[in-house]
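Laboratory data are not the source of any read-out in this text; all were calculated from the coordinates shown. Just so we're clear, the structure is a prediction, and the values are computed from it rather than from any experiment. Glycine gets a Cβ as well: all are built from the backbone with ideal geometry, and neighbour counts include every protein chain shown.
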Amino acid sequence: MTGTGRRASADDAPIVAPVVWLADALDWLPGTDGRVRPAVRSPDPVLATAGADVDPAEPVIRTLAADLVATMAAAPGCVGLAAQQIGVAARVLAIDVRNHPKTRTCHRLLVLCNAEIVAASHWQKGREGCLSVPDLTGDVQRAGRLVVSGHLPGSGRAVTLTTDAFEARALQHEIDHCAGALFLDRVSGPHAIFARKVYR
């Protein structure tokens, strides 16, 4: 997922969610060499392929997770990426919405395997873009409050997080990717799709 709008200033700093597991959520990353991989673009069929469940403790999944982090960091404006977007049909995603002005609750850089939506409420429409659909944006109805469960790479630890606002939107966008869906599959019709004027 890509974000639009101004960058957040220091005064706009989001609230980091106070969860115990967050402190060691990235313990798997040091020493795992992530590489920047080409972003897959629609209509590549892998983007429409539902991902398989993964074993988060497998070395190949740690490497995939590290590649997601590296690729996301190298793409300007990118706040989320799923395995399908780098050519792998697997249920692994990464998000980092710390610098987006619409972020309220934030779990910093977060990588999840086999993420599932447990509860969703406070639905609202918002504009979305995507690294895999670089020329278009769309208005998508998403939950503004969200509970998600998943597993951390490396340790395989099962975690549950509660979030809202832009982080909730980014998670839903990437969970859709893991299920083989694009934001274009969620818009209400052609009237809700727009040409992207600036891609950051």
**OP:** Note down the magnitude of the dipole of the chain about its Cα centre, charges +1 on Lys and Arg C-beta and -1 on Asp and Glu C-beta and zero elsewhere, to the nearest 20 debye.
**Re:** 680 debye
**OP:** Considering the convex hull of the alpha carbon atoms of the chain, report its projected area averaged over all viewing directions, in nm², one decimal.
**Re:** 10.4 nm²
**OP:** Please give the calculated 222 nm ellipticity per residue for the chain, where each DSSP H segment of at least 4 residues contributes -39500 (n - 2.57) and the sum is spread over every residue; nearest 500 deg cm²/dmol?
**Re:** -5000 deg cm²/dmol
Subject >> Relative contact order (%) - segment 31-195, alpha-carbon pairs under 8 angstrom, separation at least six >> reply: 26 percent
Original post:
What is the order of 132, 188, fewest Cβ neighbours within 10 Å to most?
Top reply: 188, 132
Subject >> Extended-chain gain in nm, criterion 0.36 nm per residue less alpha-carbon gap, residue 179 and residue 118 >> reply: 20.4 nm
Original post:
Of all chymotrypsin sites (Phe, Trp or Tyr not before Pro) in segment 128-200, which ones are in loop regions per DSSP and have a Cβ with at most 15 other Cβ atoms within 10 Å?
Top reply: 199
Original post:
Using alpha carbon centroids, what distance separates segment 58-84 and segment 140-176, in Å?
Top reply: 16 Å
Subject >> Net charge contributed by nearby residues that have their C-beta within less than 12 Å of residue 184 (K/R +1, D/E -1) >> reply: -4
Original post:
Using the Kirkwood radius built from alpha carbon pairs, what does the Stokes-Einstein equation give as D for segment 105-200 at 10 °C and 1.306 mPa s, in µm² per second?
Top reply: 112 µm²/s
